[in-house]
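These notes concern the structure reproduced below.
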Amino acid sequence: MGTTTTLTASDGHTLSAYRAGAPDAPRALVVVQEIFGVNHHIRAVCDGFAADGYRVVAPALFDRAERDVELAYDTQGVQTGLRLRAAIPADKTLLDVVAAADALDDGKGGGKVGIIGYCWGGTVAWMAAARTRAFAAAVGWYGGGIAAQNDLVPHCPVQLHFGETDGSIPLSDVAAIRAAHPNVDILTYPHVGHGFGCSERDSFNAAATQLARTRSLAFLARHL
C-alpha cells in the first residue's frame, strides 16, 4: 500500500499524489490517471508497479479544478470527469506530471523516469513525451486524444496500446498515428474495447491486460 503526498508544480500549484514503492527502488515511474481521478483502480495500478520494483507517483491532476476527486465508472462519473478535464489547460497538466517526475528524483543525479497513462492519461503521456524533457520512456494505454496531436514529436521512446474495437478510438486513428510515427511501438488487441485494462469497467479483458502489461514492463525495463 502506498501513501498520499503533496507535490508543488513550477507555477506554485500544490496537488495531492499517491506514492508507492520503496524510495530506493531501481526504476521510477509516473502513473497518469484516467478521467476518474486517482481512484481505487489507479492506486492499485501504482501498487502493482511498486511490486515490480518501481518507485511510483500518481499526481492528482484534477486538483487544479476540484480536489479529492474519485469517480465511479458510470455515466455520472464520465460526465464529471469530462467536465473537470475540460477545465484544466494542457500546459498546466504537464506542469503537474513534471512535478511528479521531480518527486521521483533519487538524489543521485541522472536518474531516468518513465511515464505511463491510461485513457486521458495515455494522451497526457504522449504530450509529456513530446512537450517536456522529463521522461526517458512513455507508455500510453488507449489515449483517445493522441491522433488529434499527431504533429507532436516525442523526445523519448514511446509505446502505445489500443483495443481494436474501441468505440472512441477508431482503427483509422491508430493507422494515422502509425503512419506519422513509424518509430513508435504501436500495439493493438483484437476483440477488446476502450478501458480494457481496468478491472472495474465492463470492458475489462484480463488476457489483453496481462499481455499489454507484460509488454509495457519490458519496454520500460529497456529504457529506464
Spin-label point model (7 Å from Cα, Cβ direction): what's the THR5 to ASN183 distance in nm?
-> 3.2 nm
Whole-Hz Karplus couplings 3J(HN,Hα) for region 12-19, θ = phi - 60° and coefficients 6.51, -1.76, 1.60, Gly and Pro as x, run x, 5, 9, 9, 6, 8, 9, 10
By its C-alpha gyration tensor, with a ≥ b ≥ c as the square roots of the eigenvalues, how is region 12-79 shaped: rounded for a/c under 1.5, else prolate for a/b larger than b/c, else oblate?
-> oblate
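Give me the extension gain from ASP47 to ASP91: residue separation times 0.36 nm, minus the current Cα-Cα distance, reported in nm with one decimal.
So the chain would gain 13.1 nm between ASP47 and ASP91.
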Charge sum, other residues only, whose C-beta stays under 10 Å from TYR142's C-beta, Lys/Arg counted +1 and Asp/Glu -1 = -2
Calculated P(r) of region 118-224 - Cα pairs past 22 Å, % = 24 percent
Computed [θ] at 222 nm, helices only, for the chain once each DSSP H run of length n ≥ 4 contributes -39500 (n - 2.57) | -11000 deg cm²/dmol
Taking the Cβ of THR93 as the center, what net charge do the other residues with Cβ under 9 Å away carry, scoring Lys and Arg +1 and Asp and Glu -1?
-> +1
For the modelled label position 7 Å from the Cα of VAL78 along Cα-to-Cβ, which residues of region 185-221 have backbone nitrogen atoms closer than 13 Å?
-> 194-195, 201-203
Which ³J(HN,Hα) values in Hz, rounded to whole numbers, follow from the phi angles of region 147-160 under the Karplus curve 6.51 cos²θ - 1.76 cosθ + 1.60, where θ = phi - 60° and Gly and Pro get x?
-> 4, 6, 10, 5, 7, 5, 10, x, 8, 9, x, 10, 10, 10
Percent of all alpha-carbon pairs of the chain at distances over 31 Å, whole number, is 12 percent
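Read-outs throughout are calculated quantities, based only on the coordinates presented, and are distinct from any laboratory measurement. This is a predicted model, so every value here is computed, not measured. Note that each Cβ is placed from the backbone with ideal geometry, even for glycine, and that neighbours are counted across all protein chains shown.
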